[in-house]
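As structure tokens, the structure follows; a few thoughts come after it.
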Amino acid sequence: MDKTEWTLSELAAELGLTPRTIRYYISRGLVDGPRGAGRGASYDARHLARLREIQQLQSEGRMLAEVAQRAGRSDDLPTPEAWWRYPVAEGVVIEVRADLAPWRLKHIHRVISEAAKALKQEDRDDAEHGI
């Protein structure tokens, strides 16, 4: 028989999370609170599914701010996106989604910097040769 209700500790164990993490998600509005309060509080399949969705989004590199944004939107609206624009040379712009994980942005910034330097050097070489 499939389980339909969990205590906080059971839910945490099922998902490999800590109860503190689940409480934090609830406080941030990422997950609905439990049914009932105190020792009688229980969580259902909707809570389990939502927490799994959060885990999946985080494994894709999504930040909690984006997860929260997705939770608050209407289903008939597309998900809004914020972008950083980096003009690296005349007529060359690189756009990067602003909500990427910090480790990913650090790598991307390094690559953009290298591309900008290469393009500037190419422009200098062209100018020296009268191109």
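The values are calculated or read from the model by the stated rules, or taken from the named source; none is laboratory data. None of the values given here were measured: they were computed from a predicted structure. Here the Cβ positions follow ideal geometry from the backbone for every residue, glycine too, while neighbour counts run over all protein chains shown. With ligands, DNA and RNA removed, areas are computed over all heavy atoms of the protein, side chains included. Shrake-Rupley method; radii C 1.70, N 1.55, O 1.52, S 1.80 Å.
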Checklist line | Calculated FRET efficiency for the pair residue 21/residue 82, C-beta based, R₀ 22 Å, to 0.05 | finding: 0.30
Notebook entry, point to check: Does a label point 7 Å from the Cα of residue 116, set along Cα-to-beta-carbon, have any residues of region 85-99 with amide nitrogen under 16 Å, and which are they?
Noted result: 85-97
Check: Given the Cα-Cα distance of residue 104 and residue 13 and 0.36 nm per residue of separation, how much length would full extension add, in nm?
Finding: 29.8 nm
Next item on the list: Specify the residue with the greatest mean-square fluctuation among 53, 90, 14, computed from a Gaussian network of the chain linking alpha-carbon atoms under 10 Å apart.
Entry: 90
Note to self: Along the charge dipole of the chain, pointing to its positive end and built from +1/-1 on Cβ of Lys, Arg, Asp and Glu, which listed residue (58, 98, 19) has its Cα farthest out?
What the structure shows: 19
Check: Under a 1.4 Å probe, what is the accessible area of the chain per residue, stated in Å²?
Finding: 71 Å²
Item checked: Heavy-atom accessible area order for 131, 112, largest first, 1.4 Å probe -> 131, 112
Check: Can you give the charge dipole size of the chain about its Cα centre, rounded to the nearest 20 debye, using +1 on the beta carbon of Lys and Arg and -1 on the beta carbon of Asp and Glu?
Finding: 800 debye
Item checked: Per-bin percent of Cα-Cα distances, the chain [5 Å] -> 2, 8, 14, 15, 12, 10, 9, 7, 6, 5, 4, 3, 2, 1, 1, 0
Notebook entry, point to check: Of the heavy-atom accessible surface of region 2-131 (probe 1.4 angstrom), what whole percent is carbon and sulfur?
Noted result: 52 percent
Item checked: Simple spin-label estimate for residue 90 and residue 64 in nanometres, 7 Å along Cα-Cβ -> 4.8 nm
